[in-house]
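Asks: A single structure is presented below for examination.
The values are calculated or read from the model by the stated rules, or taken from the named source; none is laboratory data. Keep in mind that what you see is a predicted model, and the values were worked out from it rather than measured. So basically every Cβ, Gly included, is an ideal-geometry build from the backbone, and we count neighbours across all protein chains shown.
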Ligand code: MG
């Protein structure tokens with residue numbers, strides 16, 4: 001018999017965080033506590049306000065799922081029931097998927113990455129995210145990234161060149177750029193990418209609105225930097241659509257429904273020769289640690305969320321020399 005508890009939580013940022021969607025002080029989280037025999041495992045759903053799911057929908061999904069769930073000693077059977085249940089509800093599915101994976105790793109007495117047949121080395125570097133702000137605030141944030149070997153910055157807020165120049169006035173570290181669909185048209189995107197191309201930028205993530213297919217096709221052919229899909233690609237079925245449009249994808253457990261679909265996406269990306277970034281929403285170390293199990297598959301991981309929040313309720317994750325340990 002499996003039993004569970006659902007807890008609502010508000011994960012607070014160290015300081016209000018701005019991206020192209022607006023400014024927020026934190027993120028609603030649902031924490032799932034799953035019990036079987038004497039073992040307790042956790043999962044989480046992170047619910048940023050710009051997505052459709054919320055605390056009520058996730059709670060309702062979890063209750064509905066477990067009302068018909070039949071326990072199996074095989075993880076694959078538990079996951080099959082989950083991922084073939086109601087459509088959509090990807091954050092809710094990620095919450096249960098993570099808890100199932102953690103529970104079965106506890107049962108097996110091995111680290112989750114090992115249970116998944118993965119390795120804990122060599123691990124790619126983890127990015128350190130810098131939000132939008134005045135040049136002075138940005139310089140301060142860059143200085144705080146001590147130990148990290150890659151910076152990530154959010155652009156698309158109207159003062160992009162000022163932000164990049166502020167960063168470059170204090171650091172020459174490689175930089176990842178996330179536009180969150182914030183550049184309005186392909187001309188602006190092409191011009192900005194050309195400008196960024198001699199500034200030690202590794203890639204540009206989701207420069208255009210996800211519906212701008214023609215513009216994206218042009219960028220794919222003419223961009224001086226690799227272009228990574230984030231908002232454009234959500235679930236395994238989306239990965240094929242990336243061909244001819246993007247050079248890589250950003251996989252997030254909350255977008256796709258957890259580790260099982262994320263592994264499928266990573267395998268497809270590898271088959272297609274795509275670059276791979278593992279990212280996250282604002283999550284506690286429960287969700288971040290789950291995503292970190294896939295690190296070895298990625299070119300970069302963007303999992304610095306726990307450094308940017310102040311009331312993480314789980315044991316902290318460890319960053320060593322700019323690498324997140326799984
Ligand atoms: Mg992104």
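Asks: Collect the residues in the range 22-69 that are assigned to a loop (DSSP other than H, G, I, E, B) and within 19 Å of the chain's Cα centre (by Cα), keeping them in residue-number order.
Replies: 48, 49, 50, 51, 52, 53, 54
Asks: Looking at the range 235-260 only, could you name the residues that are crowded, with 20+ Cβ neighbours inside 10 Å, outside any helix (DSSP H, G or I) and touching a residue at least 60 places away in the same chain (Cβ under 8 Å)?
Replies: 257, 258
Asks: In addition: For residues that are farther than 21 Å from residue 127 by Cα and touching a helix residue (DSSP H, G or I) at 6+ places or on another chain (Cβ under 6 Å), tally how many sit in the range 151-188.
Replies: 2
Asks: Still on this structure: Residues 206, 234: which one is more than 17 Å from residue 155 (Cα to Cα), within 16 Å of the ligand (Cβ to nearest atom) and in contact with a strand residue (DSSP E or B) (Cβ under 9 Å, 6 or more places away or on another chain)?
Replies: When all the criteria are applied, what remains is 234.
Asks: Please go through the range 164-187 and give me each residue that is surrounded by 16 or more Cβ atoms within 10 Å (Cβ to Cβ), farther than 18 Å from residue 209 by Cα and more than 16 Å from the ligand (Cβ to nearest atom), ordered by number.
Replies: Residues satisfying the conditions are 164, 166, 167, 171, 173, 174.
Asks: Kindly provide the set of residues from the range 159-175 that are in a loop (DSSP other than H, G, I, E, B) and over 23 Å from residue 299 (Cα atoms), ordered by number.
Replies: Once the filter is applied, which keeps residues that are in a loop (DSSP other than H, G, I, E, B) and over 23 Å from residue 299 (Cα atoms), the range 159-175 yields 159, 169, 170.
Asks: Of the residues 159, 180, which is at pLDDT below 95 and under 21 Å from residue 251 (Cβ atoms)? If you could, list the steps in order and put the result at the bottom.
Replies: Numbers: 159 fails: under 21 Å from residue 251 (Cβ atoms).
Unique residue meeting the criteria: 180.
Asks: So residue 127 ticks every box in (1) part of a loop (DSSP other than H, G, I, E, B); (2) crowded, with 20+ Cβ neighbours inside 10 Å; (3) within 15 Å of the ligand (Cβ to nearest atom) but one. Which box is left unticked?
Replies: (1)
Asks: Same structure again: Suppose we filter the range 249-296 for residues that are under 19 Å from residue 152 (Cα atoms) and over 14 Å from the mean Cα position of the chain (by Cα); how many remain?
Replies: Total satisfying the criteria: 1.
Asks: Regarding the range 287-297, can at least one residue be identified that is surrounded by fewer than 17 Cβ atoms within 10 Å (Cβ to Cβ) and in contact (Cβ under 8 Å) with a residue 12 or more places away in the chain?
Replies: Initial filter on the range 287-297 (surrounded by fewer than 17 Cβ atoms within 10 Å (Cβ to Cβ)): none.
Within the range 287-297 (the criterion being surrounded by fewer than 17 Cβ atoms within 10 Å (Cβ to Cβ) and in contact (Cβ under 8 Å) with a residue 12 or more places away in the chain), the answer is no, since none of the residues qualifies.
Asks: Looking only at residues in the range 270-286 that are under 26 Å from residue 243 (Cα atoms) and more than 16 Å from the ligand (Cβ to nearest atom), which one is surrounded by the most Cβ atoms within 10 Å (Cβ to Cβ)?
Replies: So the first thing to find is which residues in the range 270-286 are under 26 Å from residue 243 (Cα atoms), and the list is 270-281.
Then drop every residue that is not more than 16 Å from the ligand (Cβ to nearest atom), which leaves 270-273.
Numbers: 270: 11, 271: 9, 272: 13, 273: 9.
Out of the qualifying residues, it is 272.
Asks: Check 263, 225 and return the single one that is surrounded by fewer than 21 Cβ atoms within 10 Å (Cβ to Cβ) and out of contact with any strand residue (DSSP E or B) (no Cβ under 7 Å at 6 or more places or on another chain).
Replies: 263
Asks: Follow-up question, since we're still on this one. Quick one: is residue 118 in contact with a helix residue (DSSP H, G or I) (Cβ under 7 Å, 6 or more places away or on another chain), in contact (Cβ under 8 Å) with a residue 24 or more places away in the chain and away from the ligand (no atom under 16 Å from the Cβ)?
Replies: Against the criterion (in contact with a helix residue (DSSP H, G or I) (Cβ under 7 Å, 6 or more places away or on another chain), in contact (Cβ under 8 Å) with a residue 24 or more places away in the chain and away from the ligand (no atom under 16 Å from the Cβ)), residue 118 qualifies.
Asks: So which residues in the range 85-99 are more than 19 Å from the chain's Cα centre (by Cα) and either assigned to a helix (DSSP H, G or I) or under 16 Å from residue 255 (Cα atoms) (or both), if there are any at all? Don't jump to the end; show me each part of the working.
Replies: Of the range 85-99, the ones more than 19 Å from the chain's Cα centre (by Cα) are 85-87.
Across the range 85-99, the qualifying residues are 86, 87.
Asks: When you scan the range 288-297, do you find a residue that is away from the ligand (no atom under 16 Å from the Cβ), farther than 13 Å from residue 123 by Cα and modelled with pLDDT of 95 or more, even just one?
Replies: yes
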